[in-house]
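Visitor: Okay, here's the structure, questions in a sec.
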Protein chains: 2
Amino acid sequence: MARIAVDPARTYLLFNHGPVTLVSSAHGGRVNIMAASWAMPLDFDPPKAVVIIDRNTLTRELVDASGEFGLMIPSRALAAETVGVGSQSGRDIDKFAQFGLNTFAASKISAPLIEGCVAWMECKVLPERAVEQRYDLFVAEIVAAWADDRAFVNNRWRFDDPDLRTIHHVAGGSFFETGESLAVPGAED
Amino acid sequence: MARIAVDPARTYLLFNHGPVTLVSSAHGGRVNIMAASWAMPLDFDPPKAVVIIDRNTLTRELVDASGEFGLMIPSRALAAETVGVGSQSGRDIDKFAQFGLNTFAASKISAPLIEGCVAWMECKVLPERAVEQRYDLFVAEIVAAWADDRAFVNNRWRFDDPDLRTIHHVAGGSFFETGESLAVPGAED
């Protein structure tokens, strides 16, 4: 596996199909990881994301303080870990240790990135205090993006290896896998 | 098939898994329909949604004027129509006639709803002018929600009939179907 840089104009393709995400954060020596289903692209180039980050979470505290976060796409192989980090608070436990998550350094943000994901986005918050405070809604620019070259090939997801499939959260510990491709004949790409 | 009312507190489940959506709108005798991949839940009860509505679209003009829109989940059977209404402008053609879309009246908004979808949400915009203008980002309350009782059973999607499966947009005319269920053992619902 190699991590390849994703063209900014193609970065939206990493999560256009609505998979569950992981959100990493760091500030002042503290670090955390949580799951977020409510994350989506909002622009092409420069790429941006919208993510809902609940006001009661440690992640929110670290993102508010640092103005940065990592946004990652876990594969099916990380489904249990995704449920785990989404069910417990980083105020109570070290979720990286608890769930055996290995990290590596991002290129432009201080939050760590998680090994075993199939895509990684480095995000800097574009401050929008009104919607942050009213709706826990964060807008961010994606300043760097990376993908696993076994699963994201020529700017398209390819899920030949079932363990690399992305997953979509339903509720609790229940997901749908990303399923088969469906092409509408005659439509332009 | 029957359309059943969805409990407000469960409405987020209709699109928590990130399927493509259709957005209907109406104002002053004009009506339109478009596709939107960038739509997601942002709260549980009362349920809300975030949707990106490009400033250059007729939909935007009608939503700005009416403060309302329909947000629908098309099934695989409507994939070609979803691409069609997402590729053409309602300023140029009557997309309902062009793509053979039948509609029915919503209960609390004036925009029509599309037959053949598997879920329908009636949305009223919660005005947030700053992010509407900067990012084309709309926050809305979902004031009523409905689902096809063949596909949404006991507050869960069930895709036994492949034609009722929801779809996730990649780009152009390319989608992923919602795939198989995956349950993490021991996780709470």
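Visitor: Say the dipole of chain B comes from +1 at the beta carbon of Lys and Arg and -1 at that of Asp and Glu; which of B:PHE175, B:ALA119, B:ILE93 then lies farthest toward its positive end?
Guide: Farthest towards the positive pole: B:ILE93.
Visitor: Moving on. From the label point of A:GLU141, set 7 Å along Cα to the beta carbon, how far off in nm is each other copy's matching point, shortest first?
Guide: Result for A:GLU141, in nm, nearest copy first: 3.5.
Visitor: Where does chain B land at 222 nm, in deg cm²/dmol rounded to the nearest 500, when only DSSP H runs of n ≥ 4 count, each adding -39500 (n - 2.57), divided by all residues?
Guide: -4000 deg cm²/dmol
Visitor: Please compute the per residue accessible area over chain A with all protein chains in place, 1.4 Å probe, rounded to a whole number of Å².
Guide: I get 39 Å² per residue for chain A.
Visitor: Which value in nm describes the separation of the simple spin-label points at A:ASP161 and A:ALA9, placed 7 Å from the Cα toward the beta carbon?
Guide: 3.0 nm
Visitor: In debye, nearest 20: dipole of the stretch B:84-142 around its Cα centre with unit charges on the Cβ of K, R (+) and D, E (-)?
Guide: Result for the stretch B:84-142 is approximately 80 debye, rounded to the nearest 20.
Visitor: Can you give me the % of accessible surface on the protein assembly as shown that is carbon or sulfur? Probe 1.4 Å, all protein chains present, nothing else counted.
Guide: That fraction is 46 percent.
Visitor: If the label for B:PHE104 sits 7 angstrom from Cα along the Cα-to-Cβ line, what are its distances to the same label in every other copy, in nm to one decimal, shortest first?
Guide: For B:PHE104, the inter-copy label distances come out at 5.2 nm.
Visitor: Hey, got the Cα dimensions of the stretch A:69-189 along the principal axes, in Å, largest first?
Guide: Principal extents (largest minus smallest coordinate, Cα): 48, 33, 30 Å.
Visitor: Moving on to the next point. Leaving out ligands, DNA and RNA, calculate the buried accessible area for the pair B and A with a 1.4 Å probe, summed over both sides, in Å² to the nearest 100.
Guide: 4300 Å²
Visitor: I'd like to know how the stretch B:1-125 sits against the 2.2 N^0.38 Å rule of thumb: what's its Cα Rg over that expected value?
Guide: Against the compact-globule rule of thumb, the ratio is 0.97.
Visitor: Let me ask you something else. Enumerate the lysines that A:LYS124 could reach by cross-link, defined here as Cα to Cα under 16 Å, with residues fewer than 8 away along the same chain left out.
Guide: A:LYS48, A:LYS108
Visitor: Hey, another quick one. Quick one: with label points 7 Å out along Cα→Cβ, list the inter-copy distances for B:GLN88 in nm, shortest first?
Guide: 5.5
Visitor: Then there is this: Over the whole of A:30-40, what's the average partner chain Cβ count within 10 Å per residue? Rounded to a whole number, please.
Guide: Neighbouring Cβ atoms belonging to other protein chains average 2 per residue here.
Visitor: For the ranges A:90-98, A:175-183, what's the packing order if you count other beta-carbon atoms within 10 Å of each residue, average per peptide, and put the highest first?
Guide: Going by the mean number of other Cβ atoms within 10 Å, highest first, we get A:175-183, A:90-98.
Visitor: I've got another one for you. Using the alpha-carbon centroid of each, what span in Å lies between the stretch B:69-131 and the stretch B:1-49?
Guide: About 9 Å separates the Cα centre of the stretch B:69-131 from the one of the stretch B:1-49.
Visitor: Name the chain B residue with the Cβ nearest the axis that maps B onto A: which is it, and what is the distance in angstrom?
Guide: Nearest Cβ to the rotation axis, residue and whole-Å distance: B:GLY18, 1.
Visitor: Rg/Rh for the protein assembly as shown to two decimals, with Rh computed the Kirkwood way over all alpha-carbon pairs.
Guide: 0.94
Visitor: Taking a point 7 angstrom from the Cα of B:LEU126 along the C-beta vector, which residues in the stretch B:21-44 have backbone N less than 11 Å away?
Guide: Counting only backbone N, you get B:42-44.
The values are calculated or read from the model by the stated rules, or taken from the named source; none is laboratory data. Bear in mind the structure is a predicted one, so any value in this text is a computation, not a measurement. FYI the Cβ positions are ideal-geometry reconstructions off the backbone, even for glycines, and counts take in every protein chain you see. Note: areas computed on protein heavy atoms with side chains; ligands, DNA, RNA excluded. Shrake-Rupley method; radii C 1.70, N 1.55, O 1.52, S 1.80 Å.
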